[in-house]
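Structure first, then comments.
The values are calculated or read from the model by the stated rules, or taken from the named source; none is laboratory data. As the structure is a prediction and not an experimental result, all values here were calculated from the model. Positions of Cβ are backbone-derived with ideal geometry, glycine not excepted, and every protein chain shown enters the neighbour counts.
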Amino acid sequence: MHWPKFVIENDKNRQALAKIGLITVLFFVAANIFLRKTISKNKEQLIISENQLAVKKVKFSQKIRLESDCPDERSGNPDATLTIKYFYSPVCFWCILEDQHFDELLQKEGQAFKLEKYSREKCADIMQKHKLSLTPSFVFSSINDSQEYTVDGYISKENLVKVICDVTGSCLKSEPSLKDKIAPESQKIEINFK
């Protein structure tokens with residue numbers, strides 16, 4: 001029995017289409033497997049990076065109690081260019097507010113500065129050396145500047161952020177309005193709160 005010519009040609013066309021369809025399906029399956037592996041690998045790397053960042057933020061926000069009385073506590077980045085010496089009293093209302101500001105700042109950008117806490121009662125001689133009389137009081141110093149700057153009294157969170165931004169050359173992520181106030185690293189500290 002002979003098949004008509006057009007039936008044989010249609011079978012060849014169908015076979016060719018079936019082969020093309022099979023090759024296309026195999027290509028898309030292979031591409032899907034490749035993309036899933038790539039996405040999975042990138043997702044794992046992103047999770048690792050996020051975990052490392054979270055560990056760093058936790059590390060810098062941790063308060064380290066020291067055995068010495070002056071300072072009695074240290075937190076932030078020990079290698080930061082800005083050091084803030086913070087003189088406080090446990091019974092001072094303004095110091096409690098200042099502690100809250102520093103807790104928030106250390107959580108968000110603890111890598112930008114080093115904070116040393118000095119108890120007024122235990123470190124009175126150091127306060128006198130810097131001619132400070134109130135609590136809270138501050139001494140700001142930078143690796144880029146040999147001079148220390150003192151502030152006697154409470155500093156608002158906004159002004160603390162401004163000092164950190166000006167000295168370190170980078171602004172805190174939570175304060176986008178201060179981005180235009182970024183200072184170059186070589187700039188000296190300038191503190192004007194009045």
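Within the stretch 100-116, identify whether any single residue is modelled with pLDDT of 90 or more and more than 19 Å from residue 63 (Cα to Cα), and answer yes or no. No, the stretch 100-116 contains no residue that is modelled with pLDDT of 90 or more and more than 19 Å from residue 63 (Cα to Cα).
So for the stretch 54-76 (the condition being at pLDDT 90 or above and basic (Lys, Arg)), does at least one residue qualify? Steps first, answer last, please.
So the first thing to find is which residues in the stretch 54-76 are at pLDDT 90 or above, and the list is none.
No, the stretch 54-76 contains no residue that is at pLDDT 90 or above and basic (Lys, Arg).
The strands (runs of 3 or more DSSP E) found entirely in the stretch 89-152 that carry 1 or more residues being in contact with a Pro (Cβ under 8 Å, 6 or more places away or on another chain) are 113-119. Looking at 84, 96, just one residue is within 29 Å of the chain's Cα centre (by Cα), surrounded by fewer than 16 Cβ atoms within 10 Å (Cβ to Cβ), of a type in the set (Val, Ile, Thr) and modelled with pLDDT of 85 or more, and that residue is 96. Does residue 86 satisfy the condition of being assigned to a strand (DSSP E or B), hydroxyl-bearing (Ser, Thr, Tyr) and under 17 Å from residue 164 (Cβ atoms)? So residue 86 fits the description; yes. Residue 189 fulfils the conditions (1) within 21 Å of residue 87 (Cβ to Cβ); (2) modelled with pLDDT under 85; (3) out of contact with any strand residue (DSSP E or B) (no Cβ under 7 Å at 6 or more places or on another chain); (4) buried (at least 16 other Cβ atoms within 10 Å of the Cβ) except for a single criterion, (3).
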